[in-house]
Amino acid sequence: MAVSDRSTKERLLSVLDDLEVLSRELIEMLALSRTQKLPQPGEDTQIVELLVQRDAEFQELMKVALEQGKVHQEMQLLEKEVEKRDSDIQQLQKQLKEAEHILATAVYQAKEKLKSIEKARKGSISSEEIIKYAHRISASNAVCAPLNWVPGDPRRPYPTDLEMRSGMLGHMSNLPTNGVNGHLPGDALAAGRLPDVLTPQYPWQSSDVSVGMLPPHHSNDFSLEPPGHNKENEDDVEAMSTDSSSSSSDSD
Amino acid sequence: MAAVPTKQETEDEDCSLLPIVHDIIKCMDKDSPEVHQELSKLKTKIQEAREQIAAMPGITLSPEEQQQQLQTLREQVRTKNQLLQKYKSLCMFDIPKA
């Protein structure tokens, strides 16, 4: 039906126009017949029938239009519902995206951890071996002095005098690397507590200087000058080798 | 219960133009001077009807098209509700019980 293709509004306006035209024609016809006193057989009846028909159609269309108004209200409610659902879905989507990001990070970190576990597993060392090595290090008092350590005891952590002399600073000051027992004598010597038996004799130490003759302030007391000693690196060597001795002598 | 007639009911009763046309014909028959008043009433009535049609919501579509749109909207709401329900009831992770 061609009529149903048009909107209700168009149809209503069209019928209303028809009603206007028909009513005008009818009134004009009646007025004309009244003034001219001419009978208009059949024509006015036809117009009246058409007018009644159009009026019924108009009323019917008005009912349809009112029904459509109700449907329109329902549609508006549904549209609001759809908008609300859309916003809910978007919110959920956002949360899912965040969760995905967090999970992706967690998975990446877990994979990295697995890689490092695998790497550690490939190069695994038995704990016994590590303990053995630790024992070996600690047995030589390389990291910690023994509990009963006293000044003059050669057992002490690194760096000992020997290591210091073997290092770059020692080479710079041309110190001989064959130090005795590899420990610093300064503190003990300065304190004068070292037994004579344990008193080390250093090649860079003057042989005629006895321990008992050492004054309390030792700064220039040791003959630190090796054969090739020069004045400019004197301070370096002194600071390096007599640090502990100066602190102990100060405390005394 | 003496209900107050709503606007819609009033419109239903008033939308016919025939009573006014009938009044005009009667006035013409009687040669009444009120015929001009009645004619003006008809004009006003037609103008009001036009304004009323222009202001009526939801009549820019034919009833069939409107029903189709209504069905589409209902379907959308249903689908979206189902989707949300599905996501809400979806247990993505089984939390191990201690």
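Quick check on my link table: of A:70/A:94; A:97/B:80; A:9/A:84; A:70/B:41; A:111/A:132; A:9/B:26, which ones sit more than 25 Å apart, alpha carbon to alpha carbon? Show your work: numbers first, answer last.
Details: A:70/A:94 36 Å; A:97/B:80 19 Å; A:9/A:84 31 Å; A:70/B:41 30 Å; A:111/A:132 33 Å; A:9/B:26 32 Å.
Pairs exceeding the cut-off: A:70/A:94; A:9/A:84; A:70/B:41; A:111/A:132; A:9/B:26.
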Size of electric dipole in the range B:28-82: Cβ of Lys, Arg +1 and of Asp, Glu -1, about Cα centre, debye, nearest 20: 380 debye
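For residue A:145 and residue A:35 in one chain, what is 0.36 nm times their gap in residues minus the Cα-Cα distance, to one decimal in nm?
On the way: separation 110, 0.36 × 110 = 39.60 nm, distance 14.16 nm.
Gain on stretching residue A:145 to residue A:35: 25.4 nm.
Please list B:16, A:116, A:14 in order of solvent-accessible area, largest first, computed with a 1.4 Å probe with all protein chains present.
The most accessible residue leads, giving A:116, A:14, B:16.
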For the range A:1-147, with +1 on Lys and Arg beta carbons and -1 on Asp and Glu, the positive-most of A:142, A:127, A:53 along the dipole: A:142
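Give the accessible surface of the range A:1-124 per residue, rounded to a whole number of Å², with probe radius 1.4 Å and ligands, DNA and RNA excluded. Walk me through the numbers on the way to the answer.
Numbers: 8790 Å² over 124 residues.
About 71 Å² of surface per residue is accessible.
Ignoring any ligand, DNA or RNA, what whole percent of the accessible area of the range A:14-67 comes from carbon and sulfur when the probe is 1.4 angstrom? All intermediate terms of the calculation are to be shown ahead of the outcome.
Values: 1720 of 3170 Å².
Here it works out to 54 percent.
The values are calculated or read from the model by the stated rules, or taken from the named source; none is laboratory data. Owing to the predicted nature of the structure, the values given are computational and were not obtained by experimental measurement. Heads up, the Cβs are rebuilt from the backbone with ideal geometry, glycines too, and the neighbour counts pull from every protein chain shown. Only protein heavy atoms, including side chains, enter the accessible area calculation; ligands, DNA and RNA are left aside. Shrake-Rupley method; radii C 1.70, N 1.55, O 1.52, S 1.80 Å.
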